[in-house]
Amino acid sequence: MTANPVSLTAVEKRSSSVAAFSYAALAIVFLAVYVGSMFTPPLLDDADATHAEAAREMLVSGDYVTLHINGVRYLEKPPLPYWLVAFSYKLFGVNEFATRLPMVLSVLLLGVLAFCWARRAFDERAAVYAALFTYTCVGVFLFTRVLIPDVTLSLLIAASIYFFLTAFEPGARPWRWYAGYAAMALGVLAKGLIAMVFPVGAAFFFLLITGEWQRWREFHLVSGILLFLAIAAPWHILAGLRNPGTATHHGFFWFYFVNEHFLRFLGRRYPQDYNKLPAALYWTLHLVWLFPWSFYFPAVLSAATGRSSDLRGARENIALSRARDFAVRTRLMCWILAGVVLIFFAISTNQEYYTFPAYLPILLLLADGIARHEETKSESKERAGWLAISAGAIAAIGIAASIVLCVGLWQSRHLPFEPDIGKVLTEHAIESYTFSMTHALDLSYASFAALRLPALLAAATLLIFPLLSLVLRIFRRHYAATWALAAGFAIFLVAAHIALGRFGPYLSSKALAQEIARRAQPDDKVMIYGDQAFGSSLLFYLKRPIDLVEGRTTSMWFGSTFPDAPKIYLSDADLLSDWSGSGRVFLFVPEHEKKRVDELLPRRFVIGELSGKRVYSNQP
C-alpha cells in the first residue's frame, strides 16, 4: 500500500465510509431506543412519579436544599437529579418529556464516554462497540424507564475513573486530576457516598496491584480534596442546618448518613422496605442485564488469559511501561471497578439496578474482547471459535423466547383486546413487589391480547436477527454480525417500550388523576388510602396536596416526624368524619386496600376505576 498511493487512498476512503456509517447507525439506535421513549408512558406510581414530584415541588417552592414531596420533607436522597429535572421543567414545562430528558442525556453521555474511553485505550472498532453495547443492552434500557439516579451515578463514577487514569499518562495536565475529583463530588450529590467509595476503592486496589504508590505526589491530594469538598459539602451542610435534630428527634445528619447509608448497607434501615436478592439470582441476573453482549464473555476471558500483561503480569508490565500502555491500565481498572461494585452489593441489601455502575466497565471489556477476536478471526482461516459459540447460544435463546411469545399469541388469538391490561394480569401478594422487576410475573395468556403488536415484533426480532448474526459469524463477517445483533436488539427494545406503554393504566394513575381534576373544586379534599407510593402519580398530575389515610409509612415516615410537617396524615376515624361532612372528598383506593375500605365506608360512589384501582367519593 505504501508503494501504491491509489490503493492507500481507497483503503482510507473505505475506512472513512465505514466510520461514517457506524456513527450514523449509533445515532439512529440511540434516537430510536431512547429519544422515542421520552414521551410515553405516563409517569408511573411509586419511585417514578415520587421523584418527579420532588423536582416539581422544588421548582414551585424555590427551596433547592430540602426536598419535599406532598409538602413533607424528603431527606433520603441527595439533590443533583432533582436539580436537573427542575431545571428541565423550567425550560420545557412540567411534563413527561422534561422529566425524562436529564436521564436520557445521561444515557447519551454514558455511551459517548464509553466510545471515547475505548478509542483512547483500544481502537476504533472497540470504541463503536462500547457505545453500541451501552445503547442496546437490556439493563441500561430497563433501569432508565423509571426516574432513578443510577445512570447519572454510573456516568459520574466512570468519568472520575477515566480522568484519573488519563491523568497517569506522561505529560497529562493537572486539570484531569481535578476533573476526576469534581466528577466524584457530583456523584456524591447524585446518590450519596457510594460515589466516593467505588472510585476510591477501585483506585486503592489498582495502586496496590501496580505498586505505584510512590507517585502519590502527582495526585494533587490536598487541592483535589478541597475541590471535592467545595462541590459536595455545601449542600450537606445546608441540609443539616435547615433540618436539625433535637434531644428527642433525629435530624438530617443521622437520617441521611446513619440510616440511609450505614444501616441500609447492614440491612437494618428503618422503615424496612428493601430486600436482598438471593446470591445465585444476584450474580446470574447480570447475564440478563447485560444481554445479549454478556454471552460473549467467554471471548473476553479467552483474550485475558492469553495475555500475561493484563492480570497476571499487570504489575510488571505497568512498572516497565510507566503509564504508557493505557489499554493495559484500562483493562485492569475495569476488572477492579466491576469487582468492587458487584462484591459491595453482594454483601449489602440490594435492588436489581444497584449494580448499574458495574455495567460500563464490563461493557468496555466486552467491546475490547469482541473487537480483537473479530479482527484476529477475520484475518485468519480459523473458525470463529468463541464468537460463533456465543452467537449460537444467543440464537438458541432467541428461538426459545420467540417460541414462548408465539405460544402466548396463539393462546390469546380468540381473546378480545383489553385496553386496561390490569384487568387481565395475575396479581401476586403485594409484598412481592419490593423488587423492581417482579411485575413481569403478572403476565397471563389473556394479557397477550393487549400485547399482540409488541409481542409479534419481539418474536420476529428474536428469531431472525440472532440467527442472522450467527450465520455471519460462521462466514467470518464479524463486524456485520455484531451490527446485525445490535440492530435486532434495538428493535426488540422498541417493542419492549410499546409493551410498557400498554402497561400504562396498570402502572400509572394518570387517567384517574384526570378524572378527579375534571370534577374537583379547589375546596374539595383528595385522599389516598394507605401508602402514598401506590398513587404517587396523582400528586404529580393534580399538582395539589393529598391527604394520606393510614399512610405514614416508607418514604413518608421520617418527614412526618418533624413538628412542622403538614397535617396530611389521617386515621380511619378522620376519614369517617370527613366522609360524613358536607364537603366533597375523593378517595383513591389501591386494589389491595379495597376490601378494607369497602367495609369502612358502606356509602360510597365510584368516580373512576382503572386496573383494580378505584376513586370513591362521598357525593354522587
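With both residues required to sit in the chain, DSSP beta bridges show an antiparallel share near 55%. Distance from the Cα centroid of the stretch 36-69 to that of the stretch 204-254 is 28 Å (rounded to whole angstrom). You can think of it this way: the chain between LYS276 and GLU375 has 31.5 nm of extra reach, that is 0.36 nm per residue less the Cα-Cα gap.
Is the C-alpha gyration tensor of the stretch 116-218 telling us rounded, prolate or oblate? Criteria: a/c under 1.5 is rounded; beyond that, a/b larger than b/c is prolate, otherwise oblate. Oblate, because a/c is 1.5 or more while a/b does not exceed b/c. Would you be so kind as to identify which of LEU570, TYR89, ALA172 lies farthest towards the positive end of the dipole of the chain, taking Lys and Arg as +1 and Asp and Glu as -1 on Cβ and the Cα centre as origin? Among LEU570, TYR89, ALA172, the one farthest towards the positive end of the dipole of the chain is ALA172. Within the shell of other residues whose beta carbon sits under 11 angstrom from the beta carbon of LEU570, the net charge comes to -2, with Lys and Arg scored +1 and Asp and Glu -1. The magnitude of the dipole of the chain, with charges of +1 and -1 set on the Cβ of Lys/Arg and Asp/Glu and taken from the Cα centre, is near 1400 debye. Can you bin the stretch 510-617 into rounded, prolate or oblate? Criterion: square roots of the alpha carbon gyration tensor eigenvalues sorted a ≥ b ≥ c, rounded for a/c under 1.5, prolate for a/b above b/c, oblate for the rest. Cα axes put the stretch 510-617 in the rounded bin. For the pair LEU238 and THR284 in one chain, pulling the backbone fully straight at 0.36 nm per residue adds 12.4 nm over the alpha carbon distance. When DSSP beta bridges are limited to those with both residues in the stretch 510-617, what percentage is antiparallel, rounded to the nearest 5? That works out to approximately 50 percent antiparallel.
Once every DSSP H run of n ≥ 4 in the chain is given -39500 (n - 2.57) and the sum is divided by its residues, what mean residue ellipticity at 222 nm do you get, rounded to the nearest 500 deg cm²/dmol? Could the numbers behind the result be given before it?
Values: 24 runs with 360 residues, N = 620.
So the helix-based figure for the chain works out to -19000 deg cm²/dmol.
Can you tally the net charge around ASN259? Count Lys and Arg as +1, Asp and Glu as -1, for every other residue whose Cβ sits under 10 Å from the Cβ of ASN259. Summing Lys and Arg as +1 and Asp and Glu as -1 gives +1.
For the stretch 527-545, the residues whose backbone nitrogen is under 16 Å from a point 7 Å from the Cα of GLN514, taken along Cα to Cβ, are 537-543.
Across the options GLY530, TRP289, TYR135, the greatest Cα extent toward the positive end of the charge dipole of the chain (unit charges at beta carbon of Lys, Arg, Asp, Glu) belongs to TYR135.
Please state the relative contact order of the chain as a whole percent: Cα pairs under 8 Å, 6+ residues apart?
For the chain, the relative contact order is 16 percent.
Rounded to the nearest 0.05, the FRET efficiency derived from the C-beta distance between VAL258 and ARG413 at R0 = 41 Å is 0.15. Scaled to the globular estimate 2.2 N^0.38 Å, the Cα spread of the stretch 82-128, given as radius of gyration, is 1.57.
Pairs to check: LYS510/LYS543; LYS191/LYS510; LYS90/LYS543; LYS543/LYS595; LYS525/LYS567. Give those whose C-alpha atoms are more than 18 Å from each other in this structure. Table pairs above 18 Å Cα-Cα are LYS191/LYS510; LYS543/LYS595. Dipole orientation for the stretch 461-620: of the candidates PRO590, THR482, LEU600, THR482 has the Cα lying most toward the positive pole (charges on Cβ; Lys, Arg +1; Asp, Glu -1). What's the FRET efficiency of ASP63 with ARG603 using the Cβ-Cβ distance as r and R₀ = 45 Å, to the nearest 0.05? E between ASP63 and ARG603, to the nearest 0.05, is 0.65.
Once the C-beta distance of ARG596 and ALA393 is scaled by a Förster radius of 56 Å, the resulting FRET efficiency is 0.70 to the nearest 0.05. A straight chain from LEU456 to ALA20 at 0.36 nm per residue would run longer than the Cα-Cα distance by 153.7 nm. Taking Lys and Arg as +1 and Asp and Glu as -1, the other residues whose beta-carbon sits under 10 Å from that of PHE534 total -4.
Coordinate-derived values only; no laboratory data. Just so it is clear, the model here is predicted, and its values are computed rather than measured. Note that each Cβ is placed from the backbone with ideal geometry, even for glycine, and that neighbours are counted across all protein chains shown.
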